[in-house]
């Protein structure tokens, strides 16, 4: 048996960032494209675009710099604020998981709270 935890950020009681948006941004960072990222995550471009738009609106920050296609092709890169948000999420998520696993193990071994 093991413990599972989820981390997400809320603003005024509503979720604004979590695992799904984290994965979408990380995949965009790797692929350099919203459409390629959506395809990798088995979601439609429209759905990916909607998630990103809501995230930018709810967070009040710009997450992506975009350039439409042309002779050289388009690209999408994360803003510095988006990269910082990913870093914060990764660090906090890792710490919460490590704490939860250690605490769970201690409780299972009857080591007390």
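The values are calculated or read from the model by the stated rules, or taken from the named source; none is laboratory data. Just so we're clear, the structure is a prediction, and the values are computed from it rather than from any experiment. Reconstructed Cβ throughout: ideal geometry from the backbone, glycine too, with neighbour counts over all protein chains shown.
Quick check on the stretch 102-113. Is at least one of its residues modelled with pLDDT of 95 or more and surrounded by 13 or more Cβ atoms within 10 Å (Cβ to Cβ)? For the stretch 102-113, residues modelled with pLDDT of 95 or more and surrounded by 13 or more Cβ atoms within 10 Å (Cβ to Cβ): absent.
Any chance you could count how many residues in the stretch 1-17 are surrounded by 12 or more Cβ atoms within 10 Å (Cβ to Cβ) and free of Cβ contacts under 8 Å to residues at least 24 places away in the same chain? Here the count works out to 2.
The lone criterion from (1) exposed (fewer than 12 other Cβ atoms within 10 Å of the Cβ); (2) in contact with a helix residue (DSSP H, G or I) (Cβ under 8 Å, 6 or more places away or on another chain) left unmet by residue 49 is number (1). Cβ-Cβ below 9 Å, separation at least six or inter-chain, first residue in the stretch 31-45 and touching a residue at least 40 places away in the same chain (Cβ under 8 Å), second surrounded by 17 or more Cβ atoms within 10 Å (Cβ to Cβ) and assigned to a helix (DSSP H, G or I): which pairs? Listed pairs, sorted by first residue: 34/24; 34/28; 34/48; 34/52. If I filter the stretch 61-69 for residues that are free of Cβ contacts under 8 Å to residues at least 40 places away in the same chain and in a helix (DSSP H, G or I), do I get at least one hit? No, because not a single residue in the stretch 61-69 is free of Cβ contacts under 8 Å to residues at least 40 places away in the same chain and in a helix (DSSP H, G or I). When we screen 82, 55, 106 for residues that are touching a strand residue (DSSP E or B) at 6+ places or on another chain (Cβ under 8 Å) and either more than 22 Å from residue 24 (Cβ to Cβ) or in contact (Cβ under 8 Å) with a residue 40 or more places away in the chain (or both), the only hit is 82. One residue stands out in the stretch 10-36 among those that are part of a helix (DSSP H, G or I) and in contact with a strand residue (DSSP E or B) (Cβ under 8 Å, 6 or more places away or on another chain): the one that is farthest from residue 91 (Cα to Cα), namely 34. I'd like the residue in the stretch 19-30 that is surrounded by 16 or more Cβ atoms within 10 Å (Cβ to Cβ) and free of Cβ contacts under 8 Å to residues at least 40 places away in the same chain and, out of all such residues, is farthest from residue 68 (Cα to Cα). The selected residue is 21.
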